[in-house]
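Undergrad: Dumping the structure here so I can ask a few things about it.
The values are calculated or read from the model by the stated rules, or taken from the named source; none is laboratory data. Note that the structure is a prediction, hence the values are computed from the model and not measured. Cβ coordinates were reconstructed from backbone atoms using ideal geometry, including for glycine residues, and neighbour counts include every protein chain displayed.
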Amino acid sequence: MQDQMRDQPSGDSPDTATGAPPPLGRYYEVGGRRLLLHRSGTGSPAVVFLPGGGAVGLDYWNVQERAAELTTSVIYDRTGTGWSDRTDAPLTCAEVTDELRDLLRTADIPAPYLLVGHSLGGLYARLYATRFPNEVAGLVLMDTDHEDYDAYMPRQLTEMRGAWDPDQELPDELPEEAVALYRGLFAQMMADWPEEIRDSLIERHVSPEWIMDGYELVPYRDRFLDEMRRTGPLPDVPLIVLTAMDIDDFKKAVLIGESESLLAEEIDGKRRLHDALAASVRRGENRLVDGAGHASIHWRRPDAVLQAIQDLLGR
């Protein structure tokens, strides 16, 4: 294993949910906002993880640390998430990619990058590669969202989800049993993590502010997808898409009446979409990942994520 460079805890935090500092990382100022970033390892290209909606950089610590045995490995909280500063409304996709680019430069992490995007983070990773192709060595997209997602889904499912309004359906405060459910799920996923990381993450994930982070993105999803439709085609960069083939407990916790048959159709549609996405570039591949669902792919199958990273680094 190579010598590792590691960020130390910053010692302060803008997290209004608890007021406690993050267990790892340091702050960098970008665009007048403080953003948390943690790096480990040395080497190039750097692996950079882009969290999904409702997730934070440290959620990917288990894979990030293993990737750090291979090269520089980076996790961060974009504006409005985790321990980073917040804004009144989510950033546009272009603003997120500009912010990430500026953050990596400020933190002295030079291009090229192997971007690892999960769910919503997959949109941002693709847009970064489209806007700055010379800075991207490859893409790993974990169960990524896509502007054509609904076109591959059963009509009944898209109608059900389109009619769901979190402002109307969600209570002002989640009941204790819901908080306990989330606490248990996160504890299960991070059971073998260091206590100082696991406990800090769980407490924040069950705080009202962090719980609402993911739901507050729902009204903006169509805007994000429209923005992606207006971008150019994905450049011919090495690409591995990871498609989660199971339904995990996180998914079951937020069901709005979808039947098992509809969810099975969703997985099949997602597989077909990801096949098409992988086929859109010369060096693309879609890998089906059993034993994990959409939210838990990096927790349940870190081996599949790390293997994809290793394979792209090897190219």
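Undergrad: Restricting the search to region 103-123, which residues are touching a Phe, Trp or Tyr at 6+ places or on another chain (Cβ under 9 Å) and not in a loop (DSSP other than H, G, I, E, B)?
TA: L103, L104, T106, Y113, L115, V116, G117, H118, L120, G121, L123 - these are the residues of region 103-123 that are touching a Phe, Trp or Tyr at 6+ places or on another chain (Cβ under 9 Å) and not in a loop (DSSP other than H, G, I, E, B).
Undergrad: Filter region 291-311 for residues that are within 15 Å of G52 (Cα to Cα) and among the small types (G, A, S); which is farthest from the chain's Cα centre (by Cα)?
TA: Across region 291-311, the extreme among qualifying residues is G293.
Undergrad: Pairs please, first residue from region 211-227 and over 15 Å from G121 (Cα atoms), second anywhere and modelled with pLDDT of 95 or more and not polar (S, T, N, Q), Cβ atoms under 8 Å, 6+ apart in sequence or on different chains.
TA: D226/E147
Undergrad: I'd like to check something: does region 72-81 contain any residue that is touching a His at 6+ places or on another chain (Cβ under 6 Å) and over 18 Å from G284 (Cβ atoms)?
TA: Yes, the conditions are met somewhere in region 72-81.
Undergrad: All but one of (1) surrounded by fewer than 20 Cβ atoms within 10 Å (Cβ to Cβ); (2) over 17 Å from G117 (Cβ atoms); (3) without any contact (Cβ under 8 Å) to a residue 60 or more places away in the chain hold for S44, so report the exception by its number.
TA: (3)
Undergrad: Further question: Can you find even one residue in region 74-84 that is touching a Ser or Thr at 6+ places or on another chain (Cβ under 9 Å), buried (at least 22 other Cβ atoms within 10 Å of the Cβ) and of a type in the set (S, T, Y)?
TA: Yes.
Undergrad: A follow-up question, please. Of everything in region 226-256, what is closer than 23 Å to A137 by Cα and among the aliphatic types (A, V, I, L, M)? Give them in sequence order.
TA: M228, L234, V237, L239, I240, V241, L242
Undergrad: For region 165-195, give me the residue count where each residue is over 18 Å from I297 (Cα atoms), assigned to a helix (DSSP H, G or I) and either in contact with a Lys or Arg (Cβ under 8 Å, 6 or more places away or on another chain) or at pLDDT 95 or above (or both).
TA: 1
Undergrad: If you don't mind, there's one more thing I want to ask. Assess whether T42 counts as being more than 15 Å from Q310 (Cβ to Cβ), part of a loop (DSSP other than H, G, I, E, B), over 18 Å from the mean Cα position of the chain (by Cα) and at pLDDT 95 or above.
TA: In short, yes.
Undergrad: Another one. Tell me, yes or no, whether region 288-306 has at least one residue that is under 24 Å from E147 (Cβ atoms), in contact with a Leu (Cβ under 7 Å, 6 or more places away or on another chain) and not β-branched (V, I, T).
TA: Scanning region 288-306 turns up no residue that is under 24 Å from E147 (Cβ atoms), in contact with a Leu (Cβ under 7 Å, 6 or more places away or on another chain) and not β-branched (V, I, T).
Undergrad: Follow-up. D59 - would you say it is among the acidic types (D, E), touching a strand residue (DSSP E or B) at 6+ places or on another chain (Cβ under 6 Å) and at pLDDT 95 or above?
TA: Against the criterion (among the acidic types (D, E), touching a strand residue (DSSP E or B) at 6+ places or on another chain (Cβ under 6 Å) and at pLDDT 95 or above), D59 does not qualify.
Undergrad: Would you confirm, using the coordinates I've provided, whether T79 is under 25 Å from V241 (Cβ atoms), among the β-branched types (V, I, T) and part of a loop (DSSP other than H, G, I, E, B)?
TA: The answer is no for T79.
Residues are listed down the side, and each one gets a yes or a no for (1) under 21 Å from Y128 (Cβ atoms); (2) modelled with pLDDT of 95 or more; (3) of a type in the set (K, R):
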{"position": "V206", "(1), (2), (3)": "no, no, no"}
{"position": "L239", "(1), (2), (3)": "yes, yes, no"}
{"position": "D246", "(1), (2), (3)": "no, yes, no"}
{"position": "F250", "(1), (2), (3)": "no, no, no"}
{"position": "G257", "(1), (2), (3)": "no, no, no"}
{"position": "K270", "(1), (2), (3)": "no, yes, yes"}
{"position": "G293", "(1), (2), (3)": "no, yes, no"}
{"position": "S296", "(1), (2), (3)": "no, yes, no"}
{"position": "W299", "(1), (2), (3)": "no, yes, no"}
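Undergrad: Between a first residue in region 80-103 that is free of Cβ contacts under 8 Å to residues at least 40 places away in the same chain and over 20 Å from L24 (Cβ atoms) and a second residue that is basic (K, R) and surrounded by fewer than 22 Cβ atoms within 10 Å (Cβ to Cβ), which pairs have beta carbons less than 8 Å apart while being 6 or more apart in sequence or on different chains?
TA: T97/R131
Undergrad: Also, I was wondering about something else. How many residues does region 270-301 contain that are surrounded by 18 or more Cβ atoms within 10 Å (Cβ to Cβ) and closer than 29 Å to F186 by Cβ?
TA: Adding up the residues that qualify gives 15.
Undergrad: Pairs, please: C-beta under 7 Å, at least 6 apart or cross-chain, first residue without any contact (Cβ under 8 Å) to a residue 12 or more places away in the chain and in region 252-280, second surrounded by 17 or more Cβ atoms within 10 Å (Cβ to Cβ)?
TA: Pairs that qualify, where the first residue is without any contact (Cβ under 8 Å) to a residue 12 or more places away in the chain and the partner is surrounded by 17 or more Cβ atoms within 10 Å (Cβ to Cβ), are D275/N286.
Undergrad: I've got another one for you. May I ask you to list the residues in region 104-119 that are surrounded by fewer than 24 Cβ atoms within 10 Å (Cβ to Cβ) and in contact (Cβ under 8 Å) with a residue 12 or more places away in the chain?
TA: Hits for region 104-119 are L104, T106, A107, I109, P110, A111, P112, S119.
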